[in-house]
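Since the structure comes first, as structure tokens, the remarks are kept for the end.
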Amino acid sequence: MELQIAQDLSKGLLAQHAGFNSLPKATIHDMQVVAHVFPFRVNNYVVDHLIDWGNPADPIFRLTFPQRHMLSDEDFARVEAAMRSGEKARLNSVVTDVRNHLNPHPSGQMTSNVPHFRDGTLLSGVQHKYERTVLFFPRQGQSCHAYCNFCFRWPQFVGDPSLRIETSDIDPLIAYLREHEEIRDVLFTGGDPFIMRSGLLRRYVDALLSANLEHIKSIRFGTKALTYWPYRFTSDDDSTELLECLTSIIKAGKHATIMAHFNHPNELAALPAQEALKRIQNCGAQVRTQTPLLRGINDNAQVLAQLWEEQVRLGCIPYYLFATRDTGAQRFFGVPLAESLALYVEALHGVSRLAATVRGPVMSSDPGKILVQGISEVLGQKVFVLQLLQSRHTEWAGRLFYAQYDPRALWINELKPAFGEKAFFFDL
Ligand SMILES: *Cc1c(COP(=O)(O)O)cnc(C)c1O
Ligand code: SF4
């Protein structure tokens, strides 16, 4: 049974946990401070199967438990002082202030990708940024079995629910899909859509399938349940129904694909995850994988090579290697683009070409998905060769462009156009 621990680290499962209690008291205190700002949630699977408590640098611990340096020294001191004061109102206002300057809504999340019907009415709980794919955010899927410290959706888990992108009604999406015959894929996302009970998920999927939309070829699910709660696919009382839901998509003649998040090979080494993968694949669904490059977790060519090699062995399709987004704890987890590119190239060098389906490093930014293709020298200037893989503006998709080489830059907003241009073409 899933036992969850959220926010308060001194309660529940952790209070009795030998591994957790073996941590230095100062570390536990630091985590409590940081957990006021960032969402924290883990469960018994993460704590007992994924973390090696004897390893102070354990990657999954770093991924899920609050880390002291996710906050700057100044922010940390402010939150700590407010905590010590015991004044609730003061603590709340400090926490809100700290969150607000961690860029809680990057890339125009709340504004630019909201779709409209032809008559101008807004569609809530849906994003349509790229021509062929719509994102659907079911209300009951807007949390996760555990939270990742780097997550760009972190404000959704702590903040004002009115800022959430979500809906419990799929009919408007279906009506929108009828208006948009260019769309091919519907991506259920969150949070994690597989946190929903299977019956609920099924109702959404059934509605979509029975709408008989010929132009919709694939249904995707963005999830980390395979590694945060693999029993979702194996032994939960509604796991069979979840697998039937995947099967029903295939039976309807559509492709079902799981967009799985795997950040470190340890997640795949766990046998329950491998069992879950098999069950999904037995339904005829595919598993594609993605991860950001994360400092102290997978910023190492051997680790990345192992991650992709294991994925290929287990029948997954490596898909994206992302750059850490410009929000939250980016300073802590982010790896410069130049270093990321070098790691990507080195890691792929050592593995089967079947892993070369992974593209990266990729920035999911406001203008679109930007791939760092390489570093080159043009007319005596060292430059990044970049490509806008896809964009809100279809005519921009595929375009190559150049930025001045900068070994420290983490994100597109830290890059300058090359060759003396004033702005990148998408900012003109
Ligand atoms: C990445 C992404 C998609 C899907 O893009 P693919 O390259 O087709 O996987 C869709 N919508 C948004 C907003 C995205 O960031
Ligand atoms: S599982 Fe996905 S949505 Fe949930 S916290 Fe992790 S990265 Fe974010």
Counting only residues that are among the small types (Gly, Ala, Ser) and either at pLDDT 95 or above or part of a loop (DSSP other than H, G, I, E, B) (or both), how many does segment 105-119 have? 1
Taking the options Leu102, Leu91, Leu122, name whichever one is at pLDDT 95 or above and out of contact with any Leu (no Cβ under 8 Å at 6 or more places or on another chain). Leu91
Only strands (runs of 3 or more DSSP E) wholly contained in segment 204-303 count here; list those with 1 or more residues that are under 23 Å from the mean Cα position of the chain (by Cα) and of a type in the set (Phe, Trp, Tyr). 218-223
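From Gly368, Gly374, Gly328, grab the single residue that is under 25 Å from Phe419 (Cβ atoms) and surrounded by 19 or more Cβ atoms within 10 Å (Cβ to Cβ).
Gly368
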Let me spell it out: the conditions are (1) touching a residue at least 24 places away in the same chain (Cβ under 8 Å); (2) surrounded by 19 or more Cβ atoms within 10 Å (Cβ to Cβ); (3) not in a loop (DSSP other than H, G, I, E, B), and Val94 meets all of them except one. Which number is the exception? (1)
Could you please tell me which pairs satisfy a Cβ distance under 7 Å, a separation of 6+ or placement on different chains, a first residue in segment 146-172 that is closer than 13 Å to His105 by Cα, and a second residue that is part of a helix (DSSP H, G or I) and within 14 Å of ligand 2 (Cβ to nearest atom)? Phe152/Pro106; Leu163/Pro155; Arg164/Gln156
Pairs under 9 Å by beta carbon, first residue assigned by TED's automatic domain parsing to the domain that holds Ala418 and among the acidic types (Asp, Glu) in segment 359-379, partner within 16 Å of ligand 1 (Cβ to nearest atom) and part of a loop (DSSP other than H, G, I, E, B), six or more apart or different chains? Asp366/Ser112; Asp366/Arg392
Being within 14 Å of ligand 1 (Cβ to nearest atom), surrounded by fewer than 16 Cβ atoms within 10 Å (Cβ to Cβ) and without any contact (Cβ under 8 Å) to a residue 60 or more places away in the chain narrows it down to one residue among Arg178, Arg132; which is it? Arg132
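For segment 377-398, enumerate the residues that are of a type outside the set (A, V, I, L, M) and closer than 15 Å to Leu415 by Cα.
The answer is Gln381, Lys382, Phe384, Gln387.
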May I ask you to list the residues in segment 317-342 that are of a type in the set (Gly, Ala, Ser) and more than 30 Å from Ala256 (Cβ to Cβ)? Gly328, Ala329, Gly334, Ala338, Ser340, Ala342
Any idea which residue in segment 145-175 is surrounded by the most Cβ atoms within 10 Å (Cβ to Cβ), counting only those that are within 29 Å of Glu2 (Cα to Cα) and of a type in the set (Gly, Ala, Ser)? Ala146
Quick check: is even one residue across segment 234-253 surrounded by 19 or more Cβ atoms within 10 Å (Cβ to Cβ) and within 16 Å of ligand 2 (Cβ to nearest atom)? no
Working carefully through the options Arg118, Arg84, find the one that is within 30 Å of Leu177 (Cβ to Cβ), more than 16 Å from ligand 1 (Cβ to nearest atom) and loosely packed, with under 13 Cβ neighbours inside 10 Å. Arg118
Restricting to segment 184-203, name every residue that is under 30 Å from Val42 (Cβ atoms), assigned to a loop (DSSP other than H, G, I, E, B) and more than 16 Å from ligand 2 (Cβ to nearest atom). Arg197
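Of the residues that sit in segment 141-183 and are polar (S, T, N, Q) and part of a helix (DSSP H, G or I), which one is farthest from ligand 2 (Cβ to nearest atom)? Give the steps one after another, and end with the answer.
From segment 141-183, those polar (S, T, N, Q) are 142-143, 149, 156, 162, 167-168; that's our starting set.
Adding the requirement that they be part of a helix (DSSP H, G or I) leaves 156, 162.
Working: Gln156: 8, Ser162: 19 Å.
The selected residue is Ser162.
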Which one of these does Lys382 not meet: (1) in contact with a Ser or Thr (Cβ under 9 Å, 6 or more places away or on another chain); (2) assigned to a helix (DSSP H, G or I); (3) among the charged types (D, E, K, R)? (2)
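The values are calculated or read from the model by the stated rules, or taken from the named source; none is laboratory data. Just so we're clear, the structure is a prediction, and the values are computed from it rather than from any experiment. In this analysis, Cβ positions are derived from the backbone assuming ideal geometry, glycine residues included, and neighbour counts consider all displayed protein chains.
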